1. Would you call R70 over 16 Å from the mean Cα position of the chain (by Cα) and within 23 Å of L217 (Cα to Cα)?
2. With G136, G147 as the choices, which residue is at positive phi and either surrounded by 24 or more Cβ atoms within 10 Å (Cβ to Cβ) or assigned by TED's automatic domain parsing to the domain that holds T194 (or both)?
3. When residues of segment 205-214 are filtered for being modelled with pLDDT under 95 and buried (at least 20 other Cβ atoms within 10 Å of the Cβ), how many remain?
4. Just to be sure before I move on: is R114 among the basic types (K, R), surrounded by fewer than 24 Cβ atoms within 10 Å (Cβ to Cβ) and farther than 22 Å from V187 by Cβ in the structure I sent?
5. Could you check segment 164-174 and list, in sequence order, the residues that are crowded, with 17+ Cβ neighbours inside 10 Å and touching a residue at least 60 places away in the same chain (Cβ under 8 Å)?
6. Identify all residues within segment 143-157 that are among the charged types (D, E, K, R) and under 26 Å from D118 (Cα atoms); write none if there are none.
7. Would segment 172-193 turn up any residue that is in contact with a Phe, Trp or Tyr (Cβ under 7 Å, 6 or more places away or on another chain) and modelled with pLDDT of 95 or more?
8. Given the criterion under 30 Å from A138 (Cα atoms) and either in the same structural domain as E182 (by TED's automatic domain parsing) or in contact with a helix residue (DSSP H, G or I) (Cβ under 9 Å, 6 or more places away or on another chain) (or both), identify the matching residue among R39, R63.
Amino acid sequence: MHVLIAPDSFKGSLDADRAAEAIADGVRRGRPEAEVVLRPVADGGEGTVAAALRAGYRPRTARVSGPDGRPVDAVFALDGTTAVLELASAAGLGQLARPAPLTATTYGVGELVRAALDAGARRIVLGAGGSATTDGGAGLLQALGVGLLDAEGRDVPRGGAGLARLDRIDMGARDLRLHEVELVVGVDVDNPLTGPEGAAAVFGPQKGATPEDVAVLDAALARFAAVVRRDLGVDLLGWPAMGAATPAGPRPG
């Protein structure tokens, strides 16, 4: 008898990997002769890397900045030149002692991408679920050398609220390896970046945002989108799913 066990996580109870183990234990007790194969699945949030490891990828660990700037050890999965990363491992809600809707950053996610590039990855799959942030992926871009500058030429503060001060984008110091890598972002929602169905309005309250915070974040994301369109020629407001963990959007060129 062959049994394939492929659960998703039980949100708030068990991650997918532990759920698969628990189911497997029950199967083995009832049918000791069964050949059991565990293949937990994920939708881009917590458990995405674990699913890749179960499929034969090798684990790698990188120390990166968490959503509040404190260091965290994030695990990613590597198979040849393909890497699987979780945004949640570097900027997840579970890494905050208290919500930080205005200042939580994806900077550590950019550091994680950089670690995957350093490991030889040329195809990166990034699961975007479980985010503690509403910064449009701005922190990720900053960690990869993209300058997000205010009117005085200084880096804007990390976090979604800091984008309200964004004046221009400087791509001069970007990590040039980005032009040689395929980046696939895994999302499971189609919310736009801004507006009543956007990232701040829909997901901000889950991250601790008050109605006042939502208004600040939505305006800051709109500012970000306007500057990206002017300086990079990319319309973040014209794409579905831009509000899913507020990823940074497609890369121009």
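1. Details: over 16 Å from the mean Cα position of the chain (by Cα): yes; within 23 Å of L217 (Cα to Cα): yes.
Judged against the criteria, R70 is a match.
2. Working: G147 fails: at positive phi.
Residue meeting the stated conditions: G136.
3. Result for segment 205-214: 1.
4. So R114 fails the test.
5. So in segment 164-174, the residues crowded, with 17+ Cβ neighbours inside 10 Å come out as 164-166, 169.
Answer for segment 164-174, where residues must be crowded, with 17+ Cβ neighbours inside 10 Å and touching a residue at least 60 places away in the same chain (Cβ under 8 Å): L166, I169.
6. Result: D155, single match.
7. Step one: filter segment 172-193 for residues in contact with a Phe, Trp or Tyr (Cβ under 7 Å, 6 or more places away or on another chain), giving none.
Looking for residues that are in contact with a Phe, Trp or Tyr (Cβ under 7 Å, 6 or more places away or on another chain) and modelled with pLDDT of 95 or more, one finds none in segment 172-193, hence no.
8. R63
The values are calculated or read from the model by the stated rules, or taken from the named source; none is laboratory data. The model shown is predicted, which means the values in this text are computed figures rather than measured ones. Cβ atoms come from the backbone with ideal geometry, glycine included; neighbour counts cover every protein chain shown.
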